[in-house]
Amino acid sequence: MSTKKSKKLFRAIGEIDDKMLLKADQVQIGSKKKKSGYFWFYGIAACIAAAAGIGVYQTQFSGSIVSPPSSSGETGISVSGSQAPSISSEIPSVNELPTITPWQTYQFRGEGFEGYVLTDISELKSAAPWTEDAELKTLPVFHNVYATTAQYPEDIRKREHLPLLEGKRATVEEMEALARSIADGFGVAVESVKVDPTEEYLAAVKEKLEKVGDALSEEDTLPTRVTLICSGDIEIMADTALEARIEFKTPVSLPAEYQFNDHSSYEEMAAAGEYLVKEYERLLHMEKPVLNVTGGDRNIYGEQSFTCYVYEGAGDLIQQMLNYHFNTVRFSPDDDGKLWLIDFTNYDLSEKLGDYPILTLEDARSKLIEGKYITSSSTKFPGQEYIAKSELIYMGSGDITIMPYYRFYVDISMDETWKLPDIDNNAVIPEGKTLKRYTAYYVPAVQEEYIKDMPAWDGNFNS
């Protein structure tokens with residue numbers, strides 16, 4: 001396996017969780033770091049990427065999972081594990097709806113500045129169902145049933161206003177059942193089963209930690225993933241959030257007429273995506289699959305990159321919006337343009353807090369102009385004339401509260417703080433075009449009277 005491919009696999013799957021990596025690093029350097037050295041505040045780019053369908057990696061799989069229908073014809077596998085507790089029984093309400101705190105995250109991972117290098121905002125593509133002329137009065141808000149904060153010390157939880165939560169996690173039996181249902185639907189035989197972390201791995205880590213006076217916690221030893229080794233050189237994985245993945249250990253070639261790689265054009269990726277949707281239709285289990293080729297950001301060589309998703313397009317506009325963010329299948333290529341991974345997502349939105357009145361796009365734009373926004377950029381909003389594009393999206397699998405936001409893409413090319421990267425002399429840039437820098441500003445879509453403890457964001461990630 002190439003170094004590039006192995007790095008991509010590590011980032012996509014997450015062989016060890018962040019806490020284990022931190023401990024392993026402490027052992028490796030031969031000194032014990034302070035346990036207060038946790039990642040600072042918020043993995044904004046990971047959550048933004050998940051909401052937009054842009055591939056920034058997370059600790060485990062990107063997204064969650066779509067499970068094939070059971071024999072009864074129902075989609076998905078019920079989870080009997082512990083349910084996430086309500087955040088508080090004493091939360092104040094407005095018009096019988098509980099007030100909500102936005103950006104109340106439980107993933108303390110600094111991912112950096114959300115920036116886009118484009119010749120024009122029209123280069124940024126997606127098949128999002130919402131359009132600016134949509135007339136929505138309310139949108140649902142959910143508690144994230146997977147949200148877990150028990151791993152953080154009490155002082156950090158207090159500082160970040162985090163309740164003590166122990167989120168839902170699937171059992172080994174549930175993870176294996178899900179993976180086996182995918183294997184059955186795909187028509188491959190299961191040859192062996194692996195549960196991570198293995199006893200051998202835990203024993204090795206335990207031995208190293210004991211040498212520096214540390215120890216594994218009970219949480220460190222809990223199962224995190226089940227992998228089925230299958231016929232056809234295929235592995236199928238499922239994790240504690242019931243996310244799943246098919247990995248082709250021998251990647252699959254597409255017909256010669258399709259270009260399917262990290263730098264395929266939008267048109268090439270769309271053509272390959274249409275082929276893959278038909279070829280693997282039996283795995284989608286969608287009434288109305290919608291191809292979503294998303295991305296378009298340029299690198300220092302001027303090359304664009306796109307990601308190939310499919311989402312369930314059945315239902316009304318609100319259901320389509322939820323499916324766009326939380327019910328997807330992603331096809332990923334290897335370095336040689338062959339099909340390497342298929343990721344399945346069907347995020348659990350069972351704990352609905354209510355249908356909340358939302359701002360109109362015009363109202364949200366007014367709040368942006370007033371400075372009532374959240375952003376990962378240190379650039380102060382430069383003015384409404386620099387707004388290039390607006391979206392209504394959901395954020396995100398890394399938050400305790402899953403709620404809608406208006407996202408405004410803004411041209412910040414005038415800001416010397418974020419200079420464009422040095423572009424290679426042989427960069428592929430359309431003739432007569434120049435590169436611009438864009439960033440995003442977010443305004444909660446829920447009307448202000450329902451929001452409690454709205455944070456101010458200063459653009460910094462790591463303390």
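Mind listing whichever residues of segment 282-313 are part of a helix (DSSP H, G or I) and open to solvent by less than 10 Å² (accessible area, probe 1.4 Å)? Across segment 282-313, the qualifying residues are L283, L284. Go over the candidates G432, G383 one by one and state the one that is over 19 Å from the mean Cα position of the chain (by Cα), modelled with pLDDT of 85 or more and either open to solvent by 10 Å² or more (accessible area, probe 1.4 Å) or within 21 Å of S122 (Cβ to Cβ) (or both). None of the others qualify; the one that does is G383.
Selection of segment 87-133 for residues being buried (at least 17 other Cβ atoms within 10 Å of the Cβ), assigned to a strand (DSSP E or B) and at pLDDT below 80 yields only T105.
Residues that are touching a Ser or Thr at 6+ places or on another chain (Cβ under 7 Å) and either of a type in the set (D, E, K, R) or within 20 Å of E362 (Cβ to Cβ) (or both) within segment 393-406 comprise D399, Y406, listed in sequence order.
Return the total of residues in segment 386-413 being of a type in the set (S, T, N, Q) and either over 22 Å from A127 (Cα atoms) or touching a His at 6+ places or on another chain (Cβ under 6 Å) (or both). Residues in segment 386-413 being of a type in the set (S, T, N, Q) and either over 22 Å from A127 (Cα atoms) or touching a His at 6+ places or on another chain (Cβ under 6 Å) (or both): 2 in total. Restricted to strands (runs of 3 or more DSSP E) entirely inside segment 174-263, those with at least 3 residues that are under 28 Å from the mean Cα position of the chain (by Cα), closer than 23 Å to K278 by Cα and of a type outside the set (S, T, Y) are 234-239, 244-252. Out of all the residues in segment 325-376, which are modelled with pLDDT of 95 or more, more than 19 Å from A179 (Cβ to Cβ), in a strand (DSSP E or B) and of a type outside the set (A, V, I, L, M, F, W, C)? If the condition is that a residue be modelled with pLDDT of 95 or more, more than 19 Å from A179 (Cβ to Cβ), in a strand (DSSP E or B) and of a type outside the set (A, V, I, L, M, F, W, C), then P333, K352, G354, D355, Y356, P357 are the ones that fit. Give me the residue from segment 263-281 that is in contact (Cβ under 8 Å) with a residue 24 or more places away in the chain and of a type in the set (F, W, Y) and, out of that set, surrounded by the most Cβ atoms within 10 Å (Cβ to Cβ). That would be Y280.
Cβ contacts < 6 Å: first residue more than 20 Å from Q384 (Cβ to Cβ), restricted to segment 349-371; second residue part of a helix (DSSP H, G or I), any location; separation 6+ or different chain. Result? These pairs meet every condition: Y356/Y450. One residue stands out in segment 407-421 among those that are surrounded by 14 or more Cβ atoms within 10 Å (Cβ to Cβ) and under 14 Å from A388 (Cβ atoms): the one that is modelled with the lowest pLDDT, namely S413. Test E257 against the criterion of being modelled with pLDDT of 95 or more, of a type outside the set (S, T, N, Q), open to solvent by 50 Å² or more (accessible area, probe 1.4 Å) and out of contact with any helix residue (DSSP H, G or I) (no Cβ under 9 Å at 6 or more places or on another chain), and give yes or no. When the stated conditions are applied, E257 does not pass them. Anything in segment 197-211 that is surrounded by 13 or more Cβ atoms within 10 Å (Cβ to Cβ) and touching a residue at least 40 places away in the same chain (Cβ under 8 Å)? List them, or say none. Once the filter is applied, which keeps residues that are surrounded by 13 or more Cβ atoms within 10 Å (Cβ to Cβ) and touching a residue at least 40 places away in the same chain (Cβ under 8 Å), segment 197-211 yields P197, V205, K208, L209.
Filtering segment 336-346 to residues that are open to solvent by less than 20 Å² (accessible area, probe 1.4 Å) and closer than 16 Å to E243 by Cβ leaves L341, I342, D343, F344, T345. Taking the stated definitions as given, is T148 β-branched (V, I, T) and either open to solvent by 20 Å² or more (accessible area, probe 1.4 Å) or modelled with pLDDT of 95 or more (or both)? The answer is yes for T148.
The values are calculated or read from the model by the stated rules, or taken from the named source; none is laboratory data. Owing to the predicted nature of the structure, the values given are computational and were not obtained by experimental measurement. Backbone-built Cβ (ideal geometry, glycine too); neighbour counts: all protein chains shown. Side chains included, ligands, DNA and RNA excluded: accessible areas come from the protein's heavy atoms. Shrake-Rupley method; radii C 1.70, N 1.55, O 1.52, S 1.80 Å.
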